[in-house]
Amino acid sequence: MSVLEVKNLRKSYNGSEVLKGLDFSLEKGEALSIIGSSGSGKTTVLRCLNFLETPDEGIMKVNGKTVFDASDKTKKSDSEIRRNRLHFGYVFQNFNLFPQYTALENIKLAGELLAKERPDYSANRKNILEEIEANAIDLLSQMGLSDRADHYPHQLSGGQQQRVAIARALALSPDILCFDEPTSALDPELTGEVLRVIKSLADKHTTMIIITHEMKFAHDVSSRVMFLDHGSILEQGTPDEIFLNPKEERTRQFLSSYQK
Amino acid sequence: MFLTVTISLIRGLGEAMKLFGFTLLFSLPIGLIIAFGAMNKWAPFSRFVSKESKLYGFRPISAFINFLVWIIRGTPLMLQLIVIYYGPGIWFDNNIWGNGGRMTACVIAFVINYSCYFSVIYRGGIEGVPVGQTEAGLVLGMTKSQIFFKVTLLQMIKRIVPPMSNEIITLVKDTSIARIIAISELIKAGESFMKSDGITWPLFYTAVFYLLIVGILTLLFSYAERKLSYFR
């Protein structure tokens with residue numbers, strides 16, 4: 001069974017159709033890269049998956065369970081949407097760390113707030129919080145940032161901030177981790193450290209969807225690549241198929257613009 | 001003489017500070033409510049009319065609040081005070097303020113006026129926090145109120161401290177407008193000596209009081225700014 005199944009995903013803004021009926025699925029442990037020119041709808045896909053946008057049409061299933069169905073007009077409660085969101089993690093292009101919290105606090109915050117909803121929270125408060133803290137410290141060290149735990153975001157470089165943001169998303173152990181151009185806001189010198197972290201996650205078979213303009217990275221890291229053009233999936237396949245042997249003329253054209 | 005003047009001015013200061021305190025007490029929270037009203041996205045006509053229609057996306061609550069804020073910010077506080085205090089007596093032959101109601105009328109006029117100014121400051125603070133902060137909270141499974149209290153509130157406060165300090169310092173000096181309805185605030189107290197004794201130094205003496213209060217406020221605000229400078 002696929003971790004994620006998306007059927008006929010459609011979304012328009014002010015009459016112009018951004019997503020024209022996307023069908024795709026994702027298996028556990030897969031890293032799917034979405035490539036395509038800007039305006040092709042890449043980010044909108046991720047925003048729909050994370051319920052930041054409401055699709056006009058379509059069905060989304062996680063582990064076989066329907067988390068979204070546009071034909072179901074019953075209004076979802078906020079807490080239901082919140083629960084469904086937690087299947088996904090989201091790493092933003094411009095990090096969006098909370099500036100008033102340290103790196104460690106950024107990672108812990110959401111977990112601590114969610115823990116309050118646990119029935120055993122008041123009885124086990126101390127243990128739960130210690131567990132969250134230990135997990136956050138562990139994630140920071142995986143990101144190679146153990147010595148930055150008490151730094152505020154503005155005291156960190158862009159690459160470090162993005163690694164904290166990755167740790168923050170991982171802290172809630174999502175089923176699927178989404179990256180929205182994670183290195184586009186970084187100096188070329190800093191992209192490497194972030195890409196290395198994502199590569200290490202792929203090696204551990206973290207299920208991921210990655211929007212990226214780093215073609216070499218997408219080739220290395222993905223198990224599958226999807227080329228999105230004007231809101232439709234034009235072509236998808238293994239990295240070798242897409243990068244070395246694209247079937248569509250449009251894909252070739254797009255890829256050649258990266259070889260200049 | 002110095003003692004008489006000092007005592008009289010301290011009484012005037014008391015009135016001014018009463019007005020200052022009550023105005024802040026009410027207009028700080030009311031301003032926030034007005035700010036939320038101005039940002040209200042309720043657009044009831046969108047359901048009935050097509051997207052091309054001018055009514056589509058018309059937000060009546062927001063439009064109404066913005067209209068009120070325009071009226072209040074667009075006319076002098078002094079005019080508003082005169083209308084609020086003398087208006088009822090003349091139009092309805094009923095001075096609702098009664099005896100000793102001057103201060104109440106004055107506080108009401110000031111609260112209306114300052115709430116509108118504060119609302120614009122709040123709005124700037126709220127809208128100034130990047131959308132990404134709210135979205136980051138959402139994707140981490142936070143509720144809207146958790147996002148407000150744990151994520152955006154402090155960033156908003158940090159943004160509004162400088163414009164707020166400006167406005168609150170202006171309020172200290174605006175209390176002198178209360179004299180227009182014969183409240184013996186600081187300047188009226190000082191001026192009375194000019195009329196009765198032909199001396200002007202009490203007027204300059206009132207300035208010392210204003211400077212003192214504004215000095216204290218300036219210190220408080222710079223303390224708050226320092227306290228919030230640990231993040232950007």
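The values are calculated or read from the model by the stated rules, or taken from the named source; none is laboratory data. Only a predicted model underlies this, so the values are computations on that prediction, with no experimental measurement involved. Neighbour counts run over all protein chains shown; Cβ positions are idealised from the backbone, glycine included. The accessibility values were calculated without ligands, DNA or RNA, using every heavy atom of the protein model including side chains. Shrake-Rupley method; radii C 1.70, N 1.55, O 1.52, S 1.80 Å.
So here's what we get for this one:
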| item | result |
| --- | --- |
| Averaged over B:125-131, number of beta-carbon atoms from partner chains that fall within 10 Å | 1 |
| Candidates A:GLN160, A:GLN142, A:GLN236: whichever shows maximal mean-square fluctuation once chain A is modelled as a Gaussian network with Cα springs under 10 Å | A:GLN142 |
| For chain B: lysine pairs under 14 Å (alpha-carbon distance), excluding those fewer than 8 apart on one chain | 4 |
| Residue-averaged 222 nm ellipticity for the protein assembly as shown, from DSSP H runs of 4+ at -39500 (n - 2.57), nearest 500 | -18000 deg cm²/dmol |
| Share of Cα-Cα pairs in the range A:1-43 lying beyond 12 Å, as whole percent | 68 percent |
| For a label point 7 Å along the Cα-to-beta-carbon line of B:THR4, residues of the range B:156-189 with backbone N under 16 Å | B:189 |
| Cα centroid of the range A:208-233 to Cα centroid of the range A:42-106, whole Å | 20 Å |
| Shielding by partners - mean other protein chain Cβ count within 10 Å, residues of A:94-102 | 6 |
| Share antiparallel - DSSP beta bridges, chain A, percent rounded to 5 | 60 percent |
| Contour excess over end-to-end distance, with Cα ends at A:THR54 and A:SER146 and 0.36 nm allotted per residue | 29.3 nm |
| Space enclosed by the convex hull of the alpha-carbon atoms of the range A:111-221, per residue, Å³ | 115 Å³ |
| Neighbourhood net charge (15 Å Cβ-Cβ; Lys/Arg +1, Asp/Glu -1) for B:PHE58 | +4 |
| Residues in the range B:161-183 reached by a label modelled at B:LEU220 [backbone nitrogen below 20 Å; 7 Å Cα→Cβ] | B:161-178 |
| Distance from the range A:128-198 to the range B:196-232 (C-alpha centre basis), Å | 46 Å |
| Kirkwood hydrodynamic radius (C-alpha pairs) into Stokes-Einstein, the range A:42-191, 20 °C and 1.002 mPa s, D in µm²/s | 128 µm²/s |
| Over 31 Å [Cα-Cα, chain B], rounded percent | 39 percent |
| Chain A: relative contact order in percent, alpha carbon pairs under 8 Å with at least 6 residues between | 27 percent |
| Förster-model FRET efficiency, 22 Å R0, B:LEU24 and B:ILE96, C-beta, rounded to 0.05 | 0.35 |
| Accessible area per residue in Å² at 1.4 Å probe, computed on chain A | 46 Å² |
| Net +/- balance of residues flanking A:PHE51 in space, Cβ distance below 11 Å, scoring K and R +1, D and E -1 | +1 |
| Cβ-based net charge around A:PHE227, under 9 Å, with every Lys or Arg adding one and every Asp or Glu removing one | -2 |
| Choice from B:MET78, B:MET194, B:MET39 with maximal GNM fluctuation in chain B (Cα, 10 Å cutoff) | B:MET194 |
| Accessible area buried at the A-B interface, both sides summed, 1.4 Å probe (Å², nearest 100) | 2200 Å² |
| Of all DSSP beta bridges in the protein assembly as shown, antiparallel share, percent nearest 5 | 60 percent |
| Whole-angstrom gap from the range B:88-132 to the range B:11-33, using each part's C-alpha centre | 10 Å |
| Nearest-0.05 FRET efficiency for B:TRP201 and B:PHE67, computed from C-beta distance (R0 45 Å) | 0.45 |
| FRET efficiency for B:LYS173 and A:ASN94, using Cβ-Cβ distance with R0 set to 30 Å, rounded to 0.05 | 0.10 |
| Separation in nanometres of the label points that stand 7 Å from Cα toward Cβ, at A:MET1 and A:LEU244 | 3.6 nm |
| Calculated Rg and Dmax of the range A:4-256 using C-alpha coordinates, Å | 18.7, 62 |
| Per-selection Rg to Rh, the protein assembly as shown - Cα, Kirkwood hydrodynamic radius | 1.11 |
| Candidates B:LYS54, B:LYS41, B:LYS188, ranked by Gaussian network fluctuation over chain B, Cα under 10 Å, top entry | B:LYS54 |
| Bins of 5 Å from zero: percent of alpha-carbon pairs in the range B:132-232 | 2, 11, 14, 13, 12, 10, 9, 8, 7, 5, 4, 3, 2, 1, 0 |
| Members of the range A:104-120 that become less accessible by 50 Å² or more once partner protein chains are added (1.4 angstrom probe, chain alone as reference) | A:LEU113 |
